[in-house]
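Below are the C-alpha cells for one structure; questions will follow.
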Amino acid sequence: MDLSAVLAALSDKSYSALAHLCDELLLQAASKGATTDEWPYSVHLLAHFYINDLNSARFFWKSLPQEVKDTRPEFAAVWRTGQCLWNRDYAGVNTAAQGFEWGPDLADFITAVLELQQRIFKLLTSAYSTISVADVAHFMGMSEEDATNYAVQNGWSLDAATRMLTVKKLKAQTNQKLDGSKLQRLTECVFHLEH
C-alpha cells in the first residue's frame, strides 16, 4: 500500500487535506482487497478531528475491528482526545493529548490540534462583547485564573466584582487596492451627474 501521499501531507503539515486523502486511499485499498495492516489509523482519525468532522471520526472509529482499537495505544489516545472534543470538554482535550507520549509522526499534528485554544479564543472574541470568566475557562480548557490571565494578556479587561471579561474586538483589516480605471469611471459618472 502506497502511503507516500499521506506521509507527504504530514511532512508538509497539510493537516486539513489529510482526512479526505485518507478516506480516498482507504476506499481504494478496500476496493482492491489490499490489507490494511500498515494503515495509519491514528493519522486518519486525528485528521477528522482536526477539521472538526466529528461524525466522520465517530463513524470511522465504529467501522474498525476491535483488534485495531485494542492493539494500538496511540490510536486509543487519539480517540480519547477526540471524545473530549465531541463532548466540548476542552480541558479534557489538553489532558488527553498531553497524557500520551506521541510518536514522531503525530507529535506536530497533535500540537496543531492543541492550537485549538487559539482558534477558540478568536471565536470568543468575534462572538461576545462580554463573557464570564467561568465560561472562558470552560471553552478554553483552562483554570479560571489561567483563562483570566490569557484574556487580559490579549487585551480583554476584567471586572473583578462581577467576574466578567470585556472583549477587545479585533480590528478588521481591509486592504483595498485602488484601481485607476474604476476611479476614472467614478469620476466620469460624477461629472456626468453634475452637468
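What follows is calculated from the coordinates using simple rules that are stated; it is not laboratory data. Fair warning: this is a prediction, and the values are worked out from it, not measured in the lab. Neighbour counts are summed over all protein chains in view; Cβ atoms, including those assigned to glycine, are modelled from backbone coordinates with ideal geometry.
Condition first: touching a residue at least 24 places away in the same chain (Cβ under 8 Å) and part of a helix (DSSP H, G or I). Now tell me which residues in segment 26-54 satisfy that.
Result: Ala29, Tyr41, Ser42, Val43, His44, Leu45, Leu46, Ala47, His48, Phe49, Tyr50, Leu54.
I've got another one for you. How many residues, within segment 119-142, are polar (S, T, N, Q) and surrounded by 12 or more Cβ atoms within 10 Å (Cβ to Cβ)? Working first, answer last.
Going through segment 119-142, the residues polar (S, T, N, Q) turn out to be 125-126, 129-130, 132.
Retained after the next criterion (residues that are surrounded by 12 or more Cβ atoms within 10 Å (Cβ to Cβ)): 125, 130, 132.
Qualifying residue count for the region: 3.
Please list, ordered by first then second residue, the pairs with beta carbon atoms under 7 Å, 6 or more apart or interchain, first in segment 95-113 and closer than 13 Å to Gly82 by Cα, second among the basic types (Lys, Arg) and not in a loop (DSSP other than H, G, I, E, B).
Taking only residues 6 or more apart or on different chains, the pairs are Ala96/Arg80.
How about segment 82-94: which of its residues are exposed (fewer than 15 other Cβ atoms within 10 Å of the Cβ) and closer than 23 Å to Asn149 by Cα?
Arg88
List every residue pair whose Cβ atoms sit under 7 Å apart, with the two residues 6 or more apart in sequence or on different chains, where the first one lies in segment 55-76 and is among the acidic types (Asp, Glu) and the second, anywhere, is part of a helix (DSSP H, G or I) and surrounded by 11 or more Cβ atoms within 10 Å (Cβ to Cβ).
Within 7 Å, the pairs are Glu74/Ser42.
Within segment 143-163, count every residue that is among the aliphatic types (A, V, I, L, M), out of contact with any helix residue (DSSP H, G or I) (no Cβ under 7 Å at 6 or more places or on another chain) and crowded, with 17+ Cβ neighbours inside 10 Å. Reasoning before the result, please.
Filtering segment 143-163 for residues among the aliphatic types (A, V, I, L, M) gives 147, 151-152, 158, 160-161.
Applying the additional criterion that residues be out of contact with any helix residue (DSSP H, G or I) (no Cβ under 7 Å at 6 or more places or on another chain) yields 152, 160-161.
Next, from what is left, pick out any that are crowded, with 17+ Cβ neighbours inside 10 Å: none.
Selection size over segment 143-163: 0.
Would it be correct to say that Ser129 is at negative phi and out of contact with any helix residue (DSSP H, G or I) (no Cβ under 8 Å at 6 or more places or on another chain)?
Judged against the criteria, Ser129 is a match.
For Phe121, only one of the following conditions fails: (1) of a type in the set (A, V, I, L, M, F, W, C); (2) under 16 Å from the mean Cα position of the chain (by Cα); (3) under 20 Å from Lys13 (Cα atoms). What is its number?
(3)
For the structure I just gave you, tell me whether Ile110 is outside any helix (DSSP H, G or I), crowded, with 18+ Cβ neighbours inside 10 Å and within 23 Å of the chain's Cα centre (by Cα). Walk me through it before giving the result.
Working: outside any helix (DSSP H, G or I): no; crowded, with 18+ Cβ neighbours inside 10 Å: yes; within 23 Å of the chain's Cα centre (by Cα): yes.
No; evaluated as a whole, the condition is false for this residue.
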